[in-house]
Amino acid sequence: MRAVQRKLAARDTAGTETIRGDTTVGELAEIWLEHRRQHGKSRSEGPLAPQTLAGYDNEVRVAVVPALGGVHLREITVPLLDNLFAAIENGRPHGRYPARPGGRATEQLRVVLSGMFSLAVRHGAMTANPMRDTPRTSRRRPREVDFLTVEAALHLRRRVRREAVRIPDRRMPNHDLQDLVDLLLATGCREGEALALRRRDLDLDADVPTAAITGTLVNPRTGYVEALHRQDWTKNHEDRTLVLPDAAVQLLRRRLADSPADDDTPVFRGRTGGWLHTSNLRTRLRTALARVDEPPSALDLAVAGTTFHTLRRTVGTLLAHEVSLDAARDQLGHRDPSVTFRHYVGRREVAPDLRAVLDRLLAPLDI
């Protein structure tokens, strides 16, 4: 990557802007990243979020340059790309991209390459975008939606209580982890949205207590995001208001009672009064789940590997199964119910009890 950057820097301004058939994929990647910085989103108006740019940059460094960096655009073909995706998905090496046991998903890589080649087409360096004819992956079965049953969710709550995670002869941990787990189970919001809540976002004294989800926390990303901060919009740029269960209201009242009265005070405050780092809480969750008696119980195995996002899928599944798919969609903040169904609703092991409805089809016949 550095060699590519040096080569680009050595070009004159006109040459840097020109994309030709002999431009390498590595050079195109740098031009495309800069184009995205300057021009923002490709399908809608507005700048790209820094964390999105950081994700693209990471994909370029990790996969694009090692696998295709030295290949010229005129050498790019659909079979070459198909072989690339097959290799990465199945853990095989490709070019300088190393073998990885178990492979990795290629969705983000496909997005990046499609954007890069689209730019090359617009510059006349390619006649068509080869990604349009590259088959979608068929080598991996669709992933089952990972969620917790109600019983497993209750077990998780017991496992993360501060009494359970306390290390002997150490100070009692704070409530942050157990409170975040409870709030995510009570709302289904994203972890960054929960940690971005401020006093002003809560209306706990109303007849119907609510939390306004209006932003999210953005973690530092080298070269793109300097420091942890609150972003004043959500992932889909749509605010939503969630009705809070009684237990969540009590939890939030307790946290606010120990906080300054300022409207912008974070509900989840760090020791210095600022925002809590999501990475620290993720580490605490992994540590809590790693501490298990041998042999582990069935419930211990059920919660192993749980992430904060698992809790969002747990809420989506429970609401879809017990209420409706629309209720799950509204709670999670999706526009498209198909997104909710595909990614946030787990499969039932037993179909719902619909005997009263189906019996109507087998009513006695009046012959």
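Below is a table of values for the structure above.
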read-out: Spatial extent of region 255-352: Rg and Dmax, with the Cα atoms as the point set, Å; value: 17.8, 50
read-out: Karplus 3J(HN,Hα) series, Hz, for region 144-155 with 6.51 cos²θ - 1.76 cosθ + 1.60 (x for Gly, Pro); value: 5, 5, 8, 8, 9, 5, 4, 4, 5, 5, 5, 5
read-out: Relative contact order (%) - criterion: Cα under 8 Å, at least six apart; region: region 28-120; value: 27 percent
read-out: Relative contact order [Cα under 8 Å, 6+ residues apart], the chain, whole percent; value: 14 percent
read-out: Relative contact order [Cα under 8 Å, 6+ residues apart], region 150-344, whole percent; value: 23 percent
read-out: Packing-based order for 280-288, 296-304, using average beta carbon neighbours within 10 Å, highest first; value: 280-288, 296-304
read-out: Projected area, mean over directions - region 65-211, Cα convex hull, nm²; value: 16.0 nm²
read-out: In order through region 193-204: 3J(HN,Hα) via Karplus (6.51 cos²θ - 1.76 cosθ + 1.60), integer Hz, x for Gly, Pro; value: 5, 5, 6, 8, 5, 10, 3, 5, 7, 10, 10, 8
read-out: Sorted by Cβ density within 10 Å, fewest first, the residues Y56, Y97, Y344; value: Y97, Y56, Y344
read-out: Amide H contacts under 5 Å for G270, placed H, 5+ residues apart; value: W275, L276
read-out: Highest average packing first - 102-112, 262-272, Cβ atoms within 10 Å; value: 102-112, 262-272
read-out: Förster-model FRET efficiency, 25 Å R0, N90 and N219, C-beta, rounded to 0.05; value: 0.20
read-out: Förster-model FRET efficiency, 35 Å R0, D330 and A298, C-beta, rounded to 0.05; value: 0.60
read-out: Longest to shortest principal axis, alpha-carbon extents of region 214-265, angstrom; value: 41, 26, 17
read-out: Amide H within-cut-off set for V145, under 5 Å, with H built and near neighbours excluded; value: R347
read-out: The chain, helix-only ellipticity at 222 nm - DSSP H runs n ≥ 4, -39,500 (n - 2.57), divided by all residues, nearest 500; value: -13000 deg cm²/dmol
read-out: Vicinal HN-Hα couplings computed from phi for region 68-75 (Karplus, 6.51 cos²θ - 1.76 cosθ + 1.60; Hz; Gly/Pro x); value: 10, x, x, 7, 7, 4, 5, 8
read-out: Amide proton proximity set for Y97, modelled H, under 5 Å, gap of 5+; value: A67
read-out: Among 355-361, 155-161, 327-333, the order from most to least packed when residues are scored by Cβ within 10 Å on average; value: 327-333, 155-161, 355-361
read-out: Potential lengthening between R342 and H72 on full extension [0.36 nm per residue; Cα-Cα distance subtracted]; value: 93.4 nm
read-out: Net charge, R74 excluded, C-beta distance under 15 Å - Lys, Arg +1, Asp, Glu -1; value: -2
read-out: At q = 0.08, 0.16, 0.18 Å⁻¹, base-10 log of I(q)/I(0) for region 150-344 (Debye sum, equal scatterers on each alpha carbon); value: -0.27, -1.12, -1.38
read-out: Sequence of R143, R100 once ranked by neighbouring C-beta atoms within 10 Å, starting from the fewest; value: R143, R100
read-out: For the chain, alpha-carbon Rg over 2.2 N^0.38 Å; value: 1.20
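FYI, it's all coordinate maths here, none of it is from the lab. This is a predicted model, so every value here is computed, not measured. No Cβ is skipped: glycine too gets one built from the backbone with ideal geometry, and neighbour counts run over all protein chains shown.
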